[in-house]
Amino acid sequence: MARYPDDWLRRLRNDIAWKRLLEHWQWPHKVRAGQLAFQCPRCGELIAVVNPRTNLGRCFACEVNYNPIDFTMEALACDFPETVERLTHLLPPQEPA
């Protein structure tokens, strides 16, 4: 099994914007009261919302938390290595240190 550097996985979790992620996968979502909401891939309810400070989504129906990796695995029924591969091209360019 492939091993991925921690900093790479951290970027996949933290640097991929949810709006871009949801649009890319053509996943049902909308902005409600200024907050990005999306359909939970687990229960199908449209009451999952994104916290922009933490870059995490939470479904208030089934109480599941998602980062972009978790969401993609659940929504697209991918295993971890396939998910990492699929998300890599969604990363914004890294600014030079």
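The values are calculated or read from the model by the stated rules, or taken from the named source; none is laboratory data. Keep in mind that what you see is a predicted model, and the values were worked out from it rather than measured. No Cβ is skipped: glycine too gets one built from the backbone with ideal geometry, and neighbour counts run over all protein chains shown. Surface accessibility is based on the protein's heavy atoms, side chains included, excluding ligands, DNA and RNA. Shrake-Rupley method; radii C 1.70, N 1.55, O 1.52, S 1.80 Å.
Among all stretches of the chain without exposed trypsin sites (Lys or Arg not before Pro) (DSSP loop, at most 12 other Cβ atoms within 10 Å), which one is longest?
The segment 4-52 is the longest one with no such site.
Around Trp27, what is the net charge, scoring Lys/Arg as +1 and Asp/Glu as -1 over all other residues with Cβ under 14 Å from its Cβ?
Taking every other residue near Trp27 into account, the sum is +1.
log10 I(q)/I(0), Debye, Cα-only the chain, no solvent, q = 0.13, 0.17 Å⁻¹?
For the chain, the Cα-only Debye profile gives -0.43, -0.72.
Is the shape of region 55-94 best called rounded, prolate or oblate, per the rule: a/c under 1.5 gives rounded, else a/b larger than b/c gives prolate, else oblate, with a ≥ b ≥ c the square roots of the Cα gyration tensor eigenvalues?
oblate
Are there cysteines in the chain with no other Cys C-beta under 4.7 Å, and if so, which?
Singleton cysteines: Cys78.
So how exposed is Trp8, as accessible area in Å² (1.4 Å probe, rounded to 10)?
Approximately 80 Å² for this residue.
Rolling a 1.4 angstrom probe over the protein heavy atoms, how many square angstrom per residue are accessible across the chain?
63
Considering only the other residues whose Cβ falls under 11 Å of the Cβ of Pro92, what net charge follows from Lys and Arg at +1 and Asp and Glu at -1?
0
With the full set of protein chains in place, find how many percent of the accessible area of region 11-97 is carbon and sulfur; take the probe as 1.4 Å.
50
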